[in-house]
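**Q** Handing you this structure, nothing more for now.
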Amino acid sequence: MKQIMSVTERAMRSFIVGRLVAACIGLWCFNAVQAAPPEVYAPDGPGRWLPILADGLHDPSGPGVHLLQNPADALFYLPSTPTGNKVRWVEAIQEGDIEPVASILDKNFQMQVLDLDIMRTRTAELPMVLFPHKRHTEWLDCSNCHEWLFKSKTGATRFGMFDVLTGEYCGRCHGAVAFPLTDCYTCHSVKRSSLKKPVKELELHK
């Protein structure tokens, strides 16, 4: 049984890595080879949004499709990026371009913004991961992640990149509604050589 599980795990890891590589290659091929459908470019250049009728996600014959707003109509003037949904959302908040609504049910509800950074140090040969609570709690209430997904106690939540790639932990949002997992160095942003002294391991991988 142990041998079967080992083979299965290796196969699953290969599948996940294969998907990630295929996504990167596919994105490059699409941008480099295929003729682009009608596009709208952000002022900075790299941002791009397809009209709803051409995005391959919506049914052009649907009775309500013409009631929907094209992404470019809302996103054109926001800070742009070439990946994900083409918007630097944190910058958009910082620059005052958008102001997220704390609750659609309670107009008096106030977001509790937490300015606390957490460092994940066991990242093998990659730079360490700096998790900024502030950027997340400007959008989300603490209960979105704690305690069901992440424990507040340091070191109580053990996970690795394989879990994230399969849609768990950070992968619940990143790769779905937040910037994609192909933006490795957005999270892996702290080089060990940049620190004046070694940091204590805060969280453990499996």
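**Q** Considering just Cα atoms, how many Å³ per residue does the convex hull of region 103-206 enclose?
**A** 118 Å³
**Q** List, in order, the whole-Hz ³J(HN,Hα) value for each residue of region 144-156 obtained from phi through the Karplus relation with A = 6.51, B = -1.76, C = 1.60 and θ = phi - 60°; use x for Gly and Pro.
**A** Karplus-based 3J(HN,Hα) across region 144-156 equals 5, 10, 10, 9, 5, 9, 10, 7, 5, 5, 4, x, 7 Hz.
**Q** If you build the Cα gyration tensor of region 94-142 and take the root of 5 times each eigenvalue, what three semi-axes come out, in whole angstrom, biggest first?
**A** Values for region 94-142, descending: 29, 12, 8 Å.
Every number in this text was worked out from the coordinates using simple rules, so none of it is lab data. Computed from a predicted structure; not experimentally measured.
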